[in-house]
Every structure is written in structure tokens, then in C-alpha cells.
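These notes concern the structure reproduced below.
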Amino acid sequence: MLILNNVSKFYQKNAVLNDVTYHFDCLKYCIVGPNGIGKTTLLMLAAGLEDLNCGEIVFNDESVYLTETKRHLGISSDKIKLPDFLTAQQLLEFHCSQHDCPFPNILIDRLGFRAQLTTQVSALSLGSLKKASLLLALAHQPKCLLLDEPTTGLDHNSREWLLDFLHQYQGQVIVTSHETIFTENAHYKLVEFDHLNKFSETI
Amino acid sequence: MYKYSLVRGKIYYHELKQLLPSVANLLAFLLSILYLAISASILTALISLSVIADINTSIEQRIIYQLGYSVLLYFLIRIQKSAILGLNYEHYLASLPAPKILKHTNTVILTVVAGNLPLLAPLFLLMFTPSLSIFINQLHFPIFALSILIVALISLKNKTFPWLSFVFTPLVFVFCVEEGSVSPMSINSIWLFIMVVEAYYEPLSFITDKSLRIKRYWQIRWIAIIKKPASILTRIFLSGLFIGMAAYVQNKMGQVANDYLQVLFIWVLSILIGSYQFDNEKFYLHYQYYLNGLLNRAGLRYCLDISPAICITLISCIALYLWLHFSLNLIVLLPLEVLVTIICVSKFHRNFFIIPSLLSGFLLYIQ
């Protein structure tokens, strides 16, 4: 399980996160909170993509910055700028080669992404870019999925499939979203991240 | 109609302004140290035209000079390709109701501006041909001038490097053609024909990066470099120009540079090549989160990313040894100084040149 211990993150002396502590004990979470409060930064830190200023983040008792731990984490966020000079296929092939996992053909078909595989990432539409980002997060079947606004830009069918997929997902799922399909979903524990950098469990 | 040209001109100017910061640190250094040598270096390419025009030039020398001239022009225009064609605004430009002829005319004008003297000089020289009989006797030069126009076309039109024209053909000429067996006109005609074929058919374009299966990190970096080659091409262009200029001066003076000059030369070259690391640092910053998520080690990535600079360094070392007859003891300093410069770029950014300069100063002192 993911644990944040006294986590602080500053950008040029401005504290985005200040002494945040939280234990994600349940399987599914939906984090809500005002825009710009630091939800995305929290996910980036939880995936080990940004350095901490203070504190520690561990997943199953191992630091998220270790390569072995990263194998068990999957993240999708619009903030992660993907190499836009590659095709989607090349991006996925490289990802699978890194994680030593099979090419995610089934996921690609379910998301209706096959036609876009040979398209360069820079030429993908907003929805297709989101699908590529989701495929990178899901392809290696991580034990913990960190999804930042996962349904933004998705078409109806893909959105329905994703919700169903996440519902049945065996690992931990942490999403940030304002959509009612997550916030009013009984499968997700709703936690609010507030201005005081505290998590409050609303349900 | 006038307004369309104005837009294209403004785009060209704006794009060049965008391009300059990527080499600004290097240019600032070069301008402060070598402001006289830079103007001289541009003239070096033009001086080589006299060797090319001479009908008695040996095949080997002809191939080297013509290839050098063509490659320099190719890089000069290739670096500015996006600015000339307005690629970042292509959809907007396509939406404008300007006639095709106007669009092409603007592209030609901007290409001439971008190619500048190296593009125009061979054509200007043709205008000073004294008579028709001389023109016919020296037909190899008009054909070369024509091939220079094709080089400009290739650098704008083709997506892949012209391997046939710039690698395969010169190698065949140098190693397979005996001196005196083929006339300069025939050589230039065959070369021109191959360039035209490559310009229109791009026979090696089937090797596209889209079909490349990506398994390793270095492949990603390689594609990134191919997609935006301006930075690496600038280094190759300037290094080639610098070495070529020194070779020309040495050749004319009939002397090899002394140790002091060799250390100075290596210092400038190391700053020139090592500053390529700015491109890597920009890449790290742009794809920061994606790269942080990769499972391979950052140290290993760093080593792979500096390999293009190391390659240019090693090729330069060979050129310094074989062509400029530099001492081996001093040549080994080049890779060392390039590595120091690369590390200094990562650590000190704009002040990158201080430590390599102090190192060179120390070497000069102990010489």
C-alpha cells in the first residue's frame, strides 16, 4: 500500500505540499480538491517522478524512487510530456521492453486505439493522447495505478470500458477526478485534499 | 500578395530567433574569442571554389573539396529548414489563399537568403566566364554549380540524409576511379545525376524511423536527434569548417601549427563540441517526468546521450592527426576537454567554459 510520511514539496520556496501524511490502506481511492491544490503533484511524487524536499513516500515498504518499486507503479497524467517524436507503437514497444511485459494488444483493442498506433504522438488528438498515456500506465499491470483525471477527453465507449476495467482491477487504484462517475462511486473511497494539505475522508 | 511575403519573412526571422538561443552560449563564446576567425571561416569555403574550378585538380582532392563544400551548404540550409519553410506554421500558411507560384517564389528567396554566399558564389562565378569555348572546356564547374542547387533542394525537400550522394558516391570515386581515367566533367555529371535521383526518389527513404522497433533508450534519443538535428548539425558544421579552415591555412603556409596553437585549437574545438550537452539538458528538462519514470539508470542515459559528441570528437581527432598532423600527445587532450566541457555544461550551464578554459590555460603554461 502507498504511504506518504511528512511529505513536503516546494517550487522556488513556494510550498505546494507541506508536511502531508496519509496512508492509502484501501484498494480504490478518488482524490478531490480545488484546482491547483497539488493533487497532480501528489501523484507525480507518489510515482517517484519528482524529488521530495522532505519526508518519504513508500509503496509496500519500499521507496518509490527505487527501480524495483517503479515496476509496480503505473501513472497517467497530462503533466507527463511523452516523447512526441515517436509513434504510439514505438512508445508502447519501448515501455513493454522496459517492463518486460507483452505488448498490450487486448487493452489497445478495448480502447479502440489500434488505428492510432502508427501515428506520431505529436499528431494524436487529446483523447488519443489520453489513451496512449493510459496504455502506458496499464500495460505492465502495476500493483498501484495512479491516474490523473483518467476520463478527460475519452469517447463514450472507452470511458465505459475504463470504468469497468478499473472496477475489476486487482491492484490499488488512486485517481484524481471531479467526475461523478468516480466521486459518487461506492467502489471508491472519496478523500478530499484541502488548502491545509490535509486529507479528509468524506465517506 | 506583398503581405504573404511579409508573413513568410517574419516567420523566417522569428524562427531564426528561436534557433539562436540553442546555440547562443556557444556563439557568445565564439564571438568573444574568435570574432575575426568566424568571418575568415566563411571565406574558407569560398576559397575552396578555386580548387574546384581548376580542371587540373586531382580526383581525390576534387572529391574532398566538392564534398566538403556540398556538405557545408547542406547543413547550412538544413539547420534553417524549419524557418525557410515555416514548418511550425504550415497549416496556417496552407490556409492562406496565396497562389502556388508566390509560395514557391518566397521559398526560393528565403533559401537564397539562408544559403547566402556558399549557395550563390558558384553561380556568380559562372557569370565571369570569359568566353563560350572556356565555358565548354571547363564544363565541370557549371555542372558543379548546378549540383549545388540540387544540394539546396535536397536539404529542404528530403527527410533522410542523402547517403548516396554524400557517402556512397564519393567513396566509389575515391577508391575505385584511377587518376586521369575519368574527366572532371564526367565525375561531376555522374555525381549530379545521383543527386537528382536522390532528390526526387529518395531511394533510402524506406528506412524510416516509423518502422523502427524501439527496445532501447538510445533509439529514442537517436530519433529525437534525427527529428530536430539543428543542434548536432551546427556542431558538425562548425567543427568541419574550423578544421577545414585550419587545414587550408596550414596548407598555404606549408607549416604545421606549433604546440601552443594546437592547444588553443583543441580548446576551441572542445568548447564547440562539448556545448552539444545543452541539447541534452534541454531534452532532460522537456521530458523530465517521462524520463524519471524510466527504469534504466540516469547515469547510463547520460553516457548514451553524450555519445554523439564523443563521436564528433573522435572523428575530429582522426582529422587532426591525419590532415593537420597534430601531435598525438595533444590530440588525446581533445576527448578529455570535451568531457570536462560536457560535465561543466550540466553543472554550471552558462558559465560552462570557465573550467575548460582554465584547463587549457594551465596546459599552455606547462608547454
Note on B:Val172: of the conditions (1) touching a helix residue (DSSP H, G or I) at 6+ places or on another chain (Cβ under 8 Å); (2) surrounded by fewer than 19 Cβ atoms within 10 Å (Cβ to Cβ); (3) part of a helix (DSSP H, G or I), unmet is (1)
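Conditions (1) at pLDDT 85 or above; (2) of a type in the set (A, V, I, L, M); (3) touching a helix residue (DSSP H, G or I) at 6+ places or on another chain (Cβ under 6 Å); (4) under 17 Å from B:Lys10 (Cα atoms), marked per residue:
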| residue | (1), (2), (3), (4) |
| --- | --- |
| B:Ala45 | no, yes, yes, no |
| B:Gln66 | yes, no, yes, no |
| B:Gln80 | yes, no, yes, yes |
| B:Ile101 | yes, yes, no, no |
| B:Leu120 | yes, yes, no, no |
| B:Leu123 | no, yes, yes, no |
| B:Asn137 | no, no, no, no |
Return only the number of the condition from (1) of a type outside the set (Lys, Arg); (2) more than 23 Å from B:Ile64 (Cβ to Cβ); (3) over 24 Å from the mean Cα position of the chain (by Cα) that B:Gln255 does not satisfy.
(2)
List pairs: first in region B:48-60 and outside the structural domain of B:Pro184 (by TED's automatic domain parsing), second open to solvent by 30 Å² or more (accessible area, probe 1.4 Å), Cβ under 7 Å, 6+ apart or cross-chain?
none
Where residues in region A:73-98 are more than 7 Å from every other protein chain (Cβ to nearest Cβ) and in contact with a His (Cβ under 9 Å, 6 or more places away or on another chain), which of them is nearest to A:Gly48 (Cα to Cα)?
A:Gly74
Pull up region B:141-162, narrow it to residues that are in contact (Cβ under 8 Å) with a residue 60 or more places away in the chain and within 20 Å of B:Pro203 (Cβ to Cβ), then point me to the one that is nearest to the chain's Cα centre (by Cα).
B:Ser155
Options B:Ile331, B:Ile354, B:Ile342: the member that is closer than 14 Å to B:Leu272 by Cα and either open to solvent by less than 20 Å² (accessible area, probe 1.4 Å) or touching a residue at least 12 places away in the same chain (Cβ under 8 Å) (or both):
B:Ile342
By residue number, the members of region A:115-124 that are over 16 Å from A:Ile80 (Cα atoms), under 22 Å from the mean Cα position of the chain (by Cα) and open to solvent by 60 Å² or more (accessible area, probe 1.4 Å) are none
Boolean, B:Val196 is modelled with pLDDT of 90 or more, open to solvent by 20 Å² or more (accessible area, probe 1.4 Å) and either assigned to a helix (DSSP H, G or I) or under 30 Å from B:Leu294 (Cα atoms) (or both)
yes
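A quick yes/no check of all residues on (1) more than 20 Å from the chain's Cα centre (by Cα); (2) without any contact (Cβ under 8 Å) to a residue 12 or more places away in the chain:
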{"position": "B:Ser307", "(1), (2)": "no, no"}
{"position": "B:Ile310", "(1), (2)": "no, no"}
{"position": "B:Leu324", "(1), (2)": "no, no"}
{"position": "B:Ser327", "(1), (2)": "yes, no"}
{"position": "B:Phe348", "(1), (2)": "yes, yes"}
Helices (runs of 4 or more DSSP H) within region B:274-341 that include 1 or more residues more than 14 Å from every other protein chain (Cβ to nearest Cβ)
B:277-286, B:298-305, B:307-322, B:328-331
Which of (1) assigned to a helix (DSSP H, G or I); (2) more than 14 Å from chain B (Cβ to nearest Cβ); (3) open to solvent by 10 Å² or more (accessible area, probe 1.4 Å) does A:Leu190 not meet, given it meets every other one?
(1)
I need a count of the residues in region A:118-138 that are farther than 16 Å from A:Leu163 by Cα and more than 11 Å from every other protein chain (Cβ to nearest Cβ).
7
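The values are calculated or read from the model by the stated rules, or taken from the named source; none is laboratory data. Note that the structure is a prediction, hence the values are computed from the model and not measured. Because the Cβ atoms are built from the backbone with ideal geometry, glycine has one as well, and the counts that use them run over all protein chains shown. Quick note on the areas: whole protein, heavy atoms, side chains included, nothing else; ligands and nucleic acids left out. Shrake-Rupley method; radii C 1.70, N 1.55, O 1.52, S 1.80 Å.
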